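The structure appears below as structure tokens.
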Amino acid sequence: MSTGPTRTYFVKTYGCQMNVYDSERMGDALAGAGFGAADSPEDADLIILNTCHIREKAAQKVYSEIGRLAGIRRRRAEKGQKTLIGVAGCVAQAEGEEIIARAPAVDLVVGPQSFHRLPELVARAAGEPVVATDFPAEDKFNFLPAPSAKTIRARGVSAFVTVQEGCDKFCSFCVVPYTRGAESSRPVEKIVAEARRLVTAGVREITLLGQNVNAYHGQNAGGAPATLAELLGQLAQIDGLARLRYTTSHPRDMDDALIGAHRDIEQLMPYLHLPVQSGSDRVLKAMNRRHTRDFYLALIGRIRDARPDIALSGDFIVGFPGETDRDFAQTISLVSQIGYASAYSFKYSPRPGTPGAELAGQIDETLKADRLAELQAVIGKGRADFNRACHGQTLPVLFDRATKIAGKVSGRTPYNQTIIVTGGEDIRGEILPVALTMNGQNSLCGQIVVPQGARR
Ligand code: 5AD
Ligand code: SF4
């Protein structure tokens with residue numbers, strides 16, 4: 001009988017979906033070195049915070065959490081247990097050694113391009129603090145061990161795969177080009193192999209991830225750069241892979257082939273997250289977005305020609321330096337004009353080292369908060385309208401999650417709406433037709449219309 005792993009780890013994830021994926025891959029790296037997953041930080045010999053640097057609030061959370069972890073370490077030490085504390089992700093990349101200077105409880109700082117070295121770094125960190133934030137020439141993906149089928153199943157039927165990292169766009173508010181580095185894409189072959197492994201273990205839906213995923217240009221089998229449309233076409237050939245999604249995109253990189261993929265690839269879900277950030281040309285220019293409002297509107301028109309029912313999503317920043325009431329009114333009008341199925345909105349947060357932080361005309365926090373509330377009300381209304389248009393329809397729902405309520409299972413429609421239905425755990429992983437009805441003013445609920453167990 002196996003005695004099980006001798007050391008355990010716990011990764012706490014902040015921020016975007018790529019961090020969720022990276023945390024899983026950190027788990028793979030540690031599993032390869034004999035670590036087992038712990039259920040809580042209290043039970044872990046190694047605790048890693050996988051952090052986000054996108055806005056100030058996200059970055060601040062790290063330091064309060066380190067304080068809490070230092071307490072856990074003291075309590076564990078009283079029981080004779082040793083604990084290592086690591087900081088990974090974008091705060092690690094941006095702040096490096098400063099983290100250890102400010103929070104001496106931290107033993108290890110590891111950037112997003114170096115976590116494949118975790119086993120070796122952890123071993124070193126037992127003796128002295130270690131900082132690994134370089135951008136190594138080697139590709140971390142070539143060094144990460146593949147997860148076992150059991151691990152894949154435990155992670156669920158909907159999986160992420162990073163296909164592209166970094167960004168060369170340099171929007172003036174954004175830290176990503178500094179924390180994640182220059183754009184780079186993984187080869188098609190490697191991605192297809194990873195997807196096949198996931199599908200063989202039971203995954204039904206894959207979301208391709210990249211900070212600028214539609215700038216994807218990984219090598220194809222012939223050694224030439226492939227587009228994201230080509231990659232999606234290859235993945236669509238995998239038997240059993242029912243759904244494909246990708247996020248997040250830049251308007252300038254939506255090429256004709258990708259728009260065509262939304263018409264032609266059945267597995268590609270009718271949902272697109274395409275951030276525009278502002279509806280004002282003046283602000284778009286100051287943000288260095290390199291496109292106008294009209295360019296975005298025309299692009300959305302072409303996408304809707306290809307896939308009329310597509311659900312659109314976006315990101316918006318309010319209170320960028322110099323944003324006037326008139327500029328903000330243009331954002332509101334754009335949101336109403338497009339009719340987003342969902343959208344995320346944020347108060348501008350000046351980030352050290354980005355050009356936006358140096359601009360004159362920084363906006364007062366109260367005004368930002370007022371604008372955010374107004375925008376969120378309009379976004380909420382759009383979401384409710386989109387949901388209402390689905391009332392009475394029957395849509396295929398992929399059941400991907402258990403809920404906290406017994407006898408209730410959670411799934412997602414092609415448009416990425418979450419639907420909770422009455423059903424048993426056994427329908428997880430299945431795609432079943434669900435009749436949708438409005439649940440109150442804003443959200444949807446539904447009922448499965450075929451007997452459980454009938455796979456689509
Ligand atoms: N302040 C506020 N929001 C930001 N985002 C990126 N940087 C900032 C910032 N400095 C938002 C953008 C981006 C999303 C991931 O986060 O809307 O699309
Ligand atoms: Fe940041 Fe996206 Fe702009 Fe790149 S395209 S700089 S990731 S907001």
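The values are calculated or read from the model by the stated rules, or taken from the named source; none is laboratory data. Because the structure is a prediction, the values reported are computed rather than measured. As a convention, Cβ positions derive from the backbone with ideal geometry for all residues, glycine included, and neighbour counts pool all protein chains shown. Note: accessible area is taken over every heavy atom of the protein model, side chains too, but ligands, DNA and RNA are not part of it. Shrake-Rupley method; radii C 1.70, N 1.55, O 1.52, S 1.80 Å.
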Taking the residues in the range 241-270 that are touching a strand residue (DSSP E or B) at 6+ places or on another chain (Cβ under 8 Å) and under 19 Å from Leu297 (Cβ atoms) as candidates, determine which candidate is farthest from ligand 2 (Cβ to nearest atom). His262
Within the range 409-444, residues under 21 Å from His273 (Cβ atoms) and of a type in the set (Ser, Thr, Tyr) come out as Ser410, Thr413, Tyr415, Thr418, Ser443
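Table: residues versus (1) of a type in the set (A, V, I, L, M, F, W, C); (2) more than 16 Å from ligand 2 (Cβ to nearest atom); (3) over 18 Å from Val20 (Cα atoms).
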{"site": "Ser158", "(1), (2), (3)": "no, yes, no"}
{"site": "Val161", "(1), (2), (3)": "yes, yes, no"}
{"site": "Gly166", "(1), (2), (3)": "no, no, no"}
{"site": "Thr179", "(1), (2), (3)": "no, no, no"}
{"site": "Ala182", "(1), (2), (3)": "yes, no, yes"}
{"site": "Arg196", "(1), (2), (3)": "no, yes, yes"}
{"site": "Ala224", "(1), (2), (3)": "yes, yes, yes"}
{"site": "Leu228", "(1), (2), (3)": "yes, no, yes"}
{"site": "Asp239", "(1), (2), (3)": "no, yes, yes"}
Please report, ordered by residue number, the strands (runs of 3 or more DSSP E) entirely within the range 395-453 with at least 2 residues that are under 21 Å from the mean Cα position of the chain (by Cα). 408-412, 418-422
List the helices (runs of 4 or more DSSP H) inside the range 1-114, counting only whole elements, that have at least 3 residues being open to solvent by less than 30 Å² (accessible area, probe 1.4 Å). 17-32, 56-78, 89-95
Give the residues of the range 22-64 that are of a type outside the set (A, V, I, L, M, F, W, C) and closer than 14 Å to Pro145 by Cα, sorted by residue number. Asp22, Ser23, Glu24, Arg25, Gly27, Asp28, Gly32, Gly34
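Could you go through the range 418-437 and let me know if any residue there is of a type in the set (Ser, Thr, Tyr), within 16 Å of ligand 1 (Cβ to nearest atom) and farther than 17 Å from Val157 by Cβ.
Step one: filter the range 418-437 for residues of a type in the set (Ser, Thr, Tyr), giving 418, 422, 437.
Then drop every residue that is not within 16 Å of ligand 1 (Cβ to nearest atom), which leaves none.
No, there is no match, as no residue in the range 418-437 is of a type in the set (Ser, Thr, Tyr), within 16 Å of ligand 1 (Cβ to nearest atom) and farther than 17 Å from Val157 by Cβ.
Can you tell me which of Tyr340, Tyr348, Tyr296 is more than 21 Å from Cys171 (Cα to Cα) and among the hydroxyl-bearing types (Ser, Thr, Tyr)?
Answer to the selection: Tyr340.
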Residues of the range 226-240 being in contact (Cβ under 8 Å) with a residue 40 or more places away in the chain and surrounded by fewer than 22 Cβ atoms within 10 Å (Cβ to Cβ), in sequence order, are Glu230, Gln234, Ile238, Asp239, Gly240
Among helices (runs of 4 or more DSSP H) lying entirely in the range 175-247, which contain 2 or more residues that are of a type in the set (A, V, I, L, M)? 188-200, 228-235
